[in-house]
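Read the structure below first, then the notes.
The values are calculated or read from the model by the stated rules, or taken from the named source; none is laboratory data. Everything numeric here is computed off the predicted structure, so don't read it as measured data. Positions of Cβ are backbone-derived with ideal geometry, glycine not excepted, and every protein chain shown enters the neighbour counts. What goes into the accessible areas is simple: the full protein's heavy atoms, side chains included, and nothing from ligands, DNA or RNA. Shrake-Rupley method; radii C 1.70, N 1.55, O 1.52, S 1.80 Å.
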Amino acid sequence: MRPCPIVRAALVLLLGIMLTGSSATAAESLKDAISPYLRAHADDEIEWHPWGEDALRRAKQEQKLIFLSIGYASCHWCHVQARTTFSDPRVISILKDHFVSILVDREERPDLDHHFAAVMSAMTGQQGWPANFFLAPDLTPLFAAGYIAPESEFGTPGLLDVADKLATRWTTDRDAFLKEVEEISSELRALFDNRAVAAGPAQGLSDPRRAATQAWTDSFDAEYGGFGQGQKFLFPNVLSFLLNESVRLDDTGLMEKTLATLDQMAAGGIRDQLGGAFHRYAVDRYWQVPHFEIMLNENALMAVLYLEAYQASGRPRYAAVARGILDDLLERFRLPGGGFATALDADSGEIEGVFYTWTTEEVRAVLGEAQAAPFLSDYLDSEHGLLKGRAVLRIRREPAAFLDIQTRHSKNLQRLRAARARRPAPLSDDKVLTSWTALAVSAFAKAAQVLGEERYYQVAIQEAEQLMASVNANGRLVHSRRGEVLGEDVFLDDYSFLAQALIDLFETDFDPEHLDRALALMEDAFTLFQAETGALFQFTPIDRDSDIPTRVILDEIGTPSGNAIAMSALYRLRLFGADEAFARRAEEVALELASHFETSAGSVTGSLNGLSFRSNEAREIVIVGRLQDDATQDLLREVRRRRLPGTVLAVIPEDAPQLDGDWILLSGRPLLDNRPTAYICRNRLCNFPVNSVDAFAMQLDAINHQTAR
């Protein structure tokens, strides 16, 4: 995106030619922070403050400008900036004398991150981390930059230049400066008003899923998979949408393009070939060299994506990838006291990627010459995709053959993994985020369903229970915690993602309590995040005072929005039988989203995925029988081995009450010939019940064919 020219012109007025060419209390508050990113800076000589009333009040009372830096614990360039810029005595001095310095963990405060990312985009045309801002005491942005060195380099102004010019103008020419600040503030307000979410009923009748599919398939890289010709991001939300559309429309061409991308990613350097999880993105077109951070939220979504691919294609290699991701999360992310770490750092010993890279000599030292030769031939390219002379392991053969190659070298992969474990490991960001951990619960629940592994179910149920217990004195969920220490904030994603996870758990063990809890969370979400009946959900609670604008967030960056998951959860709960008043509120939210679908379909694929749960498309599948019976399990396996977008699933006992007062779909139904029996329904109207696997399979296969027509 290009920067707003008016805002940029205002910056030139403020900074002249530059664009062309106490703290014991503050330190203590950082030491006690939940965020390891903040704790890591507690001993800095810069007088850092966490974002909050104290720091903002101090800026106003002392009439000082604000220096705001937003980053996160696993960010490579944040570490570089800490070593270069924030340790420079000149930077320390000028920030101490003239600014109130505030440090923010973007994962702990996604509300601030969303807001200032929009500011960064408006002022520079770019986004990324670290994100650095100089602000007026009223929070009007004066300057924005990504990584910023102490002094100017490569045509980019340095922090010392910017800070000195701003401090000088603020001290010597404040009245004129404030007039220019008001110009910037007015322009940004107008810009954000123009970017407000378009809400309301759709004007046209076309299905927005077609436009989104076209937009993304037009950018497919036909040779190497993924999107575009440059660096490659995972985009699990987009790929899940395209996979679901290929199933829904019976479009084999779209499915093969999507699966080819999954093969390229699984075989590439973007996947840790020894661990199993995926790195954040590849810096090249070929998936060779990753940016080495490993994020919990993305890997939870990637595990679900590969499980869905396994269901859609029946190809075991996708199940193997999903299992590898989840096992890596259990080994390297799960914390001793419960919960999952947020991320693993890109750096080890202040060197990016060294934990994950190899030389031919290192491989030979571990495997011996005889074993190393075939391994190196299959996994290590000593000429291309190197990082400071070191190679990222990746499959060098046909990408679709990655499982065969992985199986052939399984013992050697284990030996290299053991050798790697003796290296200094990347640091773990040990804060627990409710929203991201809820995504992991969904992934483990899905794995328990599709792979039939009890151990994954146990993880899902234990983590869900811990999330439900992590509430503050007001009974609200919290966004973050570390050990027993709970954070103060909560966001829409925490409620909607956890509601989704509970529904996924119901479809794993069929305990109605999960539905009850999901319903309660969504009712709380209406109260906490909906400004008026029928409106879209705000990202922050409506009763929270904030110095930044409250926003409705719909667009997605890798992860579906809270509104997307909320809509899907509302639709699913309605299908299970939530009362009519609740169902109407779900429809009102969906109606408000309709016009945004028309104008921005490609940026809301997570929301579009939820449309298949609308009552005119969705299917309800009910199996009547004892869950432990072999015949019931045979019917259940037929459902779980298929990708069936827009279906909800229940297993009810043969003695279920004739009318379930809470969940209509769970009401009792008769058995055929006294054997476990399956019903496939649409809007409560059911096909003829069946009690044989073959007959049930035929009905299940017909679901997607009917949708495609």
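Of these, 665, 700, 649, 627, which one is part of a strand (DSSP E or B), closer than 30 Å to residue 580 by Cβ and of a type outside the set (D, E, K, R)?
Answer to the selection: 649.
Suppose we filter the stretch 389-404 for residues that are buried (at least 19 other Cβ atoms within 10 Å of the Cβ) and not aromatic (Phe, Trp, Tyr); how many remain?
Number satisfying all stated conditions: 7.
Specify the residue that is farthest from residue 235 (Cα to Cα); the eligible residues are those in the stretch 614-638 that are surrounded by fewer than 22 Cβ atoms within 10 Å (Cβ to Cβ), of a type in the set (Lys, Arg) and at pLDDT 95 or above.
Checked the stretch 614-638; the qualifying residue farthest from residue 235 (Cα to Cα) is 626.
Out of the residues in the stretch 512-531 meeting the condition of being at pLDDT 95 or above and aliphatic (A, V, I, L, M), tell me which one is farthest from residue 442 (Cα to Cα).
Here the answer is 528.
Of everything in the stretch 509-529 that's in a helix (DSSP H, G or I) and either open to solvent by 60 Å² or more (accessible area, probe 1.4 Å) or of a type in the set (D, E, K, R) (or both), which residue is farthest from residue 622 (Cα to Cα)?
Only one residue tops the list, namely 527.
Which of the residues belonging to the stretch 254-273 are charged (D, E, K, R) and farther than 19 Å from residue 216 by Cβ?
Selection gives 271, 272.
Would you say residue 419 is in a helix (DSSP H, G or I) and open to solvent by less than 50 Å² (accessible area, probe 1.4 Å)?
yes
Counting just the residues of the stretch 156-175 that are acidic (Asp, Glu) and in contact with a helix residue (DSSP H, G or I) (Cβ under 8 Å, 6 or more places away or on another chain), which one comes out least open to solvent (accessible area, probe 1.4 Å)?
Checked the stretch 156-175; the qualifying residue least open to solvent (accessible area, probe 1.4 Å) is 161.
Within the stretch 266-295, how many residues turn out to be open to solvent by 10 Å² or more (accessible area, probe 1.4 Å), closer than 26 Å to residue 340 by Cβ, among the aromatic types (Phe, Trp, Tyr) and more than 17 Å from the chain's Cα centre (by Cα)?
0
State yes or no: is residue 266 in a helix (DSSP H, G or I), out of contact with any Asp or Glu (no Cβ under 6 Å at 6 or more places or on another chain) and within 20 Å of residue 417 (Cα to Cα)?
yes
Identify, by number, the condition in (1) closer than 27 Å to residue 533 by Cα; (2) more than 27 Å from the chain's Cα centre (by Cα) that residue 595 doesn't meet.
Exception for residue 595: condition (2).
Going residue by residue through the stretch 359-368, is there one that turns out to be crowded, with 22+ Cβ neighbours inside 10 Å and not acidic (Asp, Glu)?
Yes, the stretch 359-368 has at least one match.
Which residue pairs have Cβ atoms under 6 Å apart, sit 6 or more places apart or on different chains, and have a first residue in the stretch 519-543 that is closer than 17 Å to residue 570 by Cα and a second that is open to solvent by 20 Å² or more (accessible area, probe 1.4 Å) and among the acidic types (Asp, Glu)?
From residues that are closer than 17 Å to residue 570 by Cα, the pairs are 534/588; 536/592.
Would the stretch 489-502 turn up any residue that is out of contact with any Phe, Trp or Tyr (no Cβ under 9 Å at 6 or more places or on another chain), of a type in the set (D, E, K, R) and closer than 19 Å to residue 51 by Cβ?
yes
Go through the stretch 562-579 and count every residue that is under 18 Å from residue 594 (Cα atoms), among the small types (Gly, Ala, Ser) and open to solvent by less than 10 Å² (accessible area, probe 1.4 Å).
4
Check off (1) closer than 25 Å to residue 616 by Cβ; (2) assigned to a loop (DSSP other than H, G, I, E, B) for residue 670 and give me the number that stays unchecked.
Evaluating residue 670 over (1) closer than 25 Å to residue 616 by Cβ; (2) assigned to a loop (DSSP other than H, G, I, E, B) leaves (1) as the failure.
For (1) of a type in the set (S, T, N, Q); (2) out of contact with any Ser or Thr (no Cβ under 9 Å at 6 or more places or on another chain); (3) open to solvent by 50 Å² or more (accessible area, probe 1.4 Å), each residue gets a yes or a no:
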site: 214; (1), (2), (3): yes, yes, yes
site: 219; (1), (2), (3): yes, yes, no
site: 226; (1), (2), (3): no, no, no
site: 234; (1), (2), (3): no, yes, no
site: 239; (1), (2), (3): no, no, no
site: 243; (1), (2), (3): no, no, no
site: 251; (1), (2), (3): no, no, yes
site: 254; (1), (2), (3): no, no, no
site: 264; (1), (2), (3): yes, yes, no
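Looking at (1) open to solvent by less than 50 Å² (accessible area, probe 1.4 Å); (2) at pLDDT below 90; (3) not in a helix (DSSP H, G or I), which is the one condition that is false for residue 132?
So the condition that residue 132 fails would be (2).
Report yes if some residue within the stretch 61-81 is among the basic types (Lys, Arg) and within 13 Å of residue 138 (Cα to Cα); otherwise report no.
Checked the stretch 61-81: at least one residue is among the basic types (Lys, Arg) and within 13 Å of residue 138 (Cα to Cα).
Of everything in the stretch 536-552, what is under 30 Å from residue 304 (Cα atoms) and open to solvent by less than 20 Å² (accessible area, probe 1.4 Å)? Give them in sequence order.
536, 537, 539, 540, 541
Are there any pairs with C-beta distances below 6 angstrom linking a residue in the stretch 234-255 that is part of a loop (DSSP other than H, G, I, E, B) to a residue that is not aromatic (Phe, Trp, Tyr), with the two at least 6 apart or on different chains, and if so which?
So the pair list comes out as 234/298; 249/708; 250/708.
State the number of residues belonging to the stretch 369-382 that are surrounded by fewer than 16 Cβ atoms within 10 Å (Cβ to Cβ) and among the polar types (S, T, N, Q).
Result for the stretch 369-382: 2.
Look at residue 494 and say whether it is among the charged types (D, E, K, R), in a helix (DSSP H, G or I), at pLDDT 95 or above and open to solvent by less than 10 Å² (accessible area, probe 1.4 Å).
In short, yes.
Does at least one position in the stretch 673-693 carry a residue that is closer than 15 Å to residue 576 by Cα, in a loop (DSSP other than H, G, I, E, B) and of a type in the set (Ser, Thr, Tyr)?
So far as the stretch 673-693 goes, no, none of its residues is closer than 15 Å to residue 576 by Cα, in a loop (DSSP other than H, G, I, E, B) and of a type in the set (Ser, Thr, Tyr).
Residue-by-condition table, conditions (1) at pLDDT below 95; (2) farther than 23 Å from residue 560 by Cα; (3) buried (at least 16 other Cβ atoms within 10 Å of the Cβ):
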| position | (1), (2), (3) |
| --- | --- |
| 581 | yes, yes, no |
| 591 | yes, no, no |
| 599 | yes, no, no |
| 608 | yes, no, yes |
| 612 | yes, no, yes |
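Would you point out which residue out of 435, 442, 480 is modelled with pLDDT of 95 or more, surrounded by 24 or more Cβ atoms within 10 Å (Cβ to Cβ) and in contact with a Lys or Arg (Cβ under 6 Å, 6 or more places away or on another chain)?
Every option except 480 fails the conditions.
Would you mind finding the one in 395, 405 that is under 22 Å from residue 286 (Cα atoms) and part of a loop (DSSP other than H, G, I, E, B)?
395
Only one residue in 641, 675, 684 is in contact with a helix residue (DSSP H, G or I) (Cβ under 9 Å, 6 or more places away or on another chain), surrounded by fewer than 17 Cβ atoms within 10 Å (Cβ to Cβ), among the charged types (D, E, K, R) and over 30 Å from residue 606 (Cβ atoms), so which one is that?
Among 641, 675, 684, only 675 is in contact with a helix residue (DSSP H, G or I) (Cβ under 9 Å, 6 or more places away or on another chain), surrounded by fewer than 17 Cβ atoms within 10 Å (Cβ to Cβ), among the charged types (D, E, K, R) and over 30 Å from residue 606 (Cβ atoms).
Give me the pairs, please: first residue somewhere in the stretch 625-639 and within 17 Å of residue 698 (Cβ to Cβ), second residue anywhere and β-branched (Val, Ile, Thr) and part of a helix (DSSP H, G or I), beta-carbon distance under 9 Å, and either six or more positions apart or on two chains.
Matching pairs, first to second residue: 634/693; 635/693; 637/693; 638/693.
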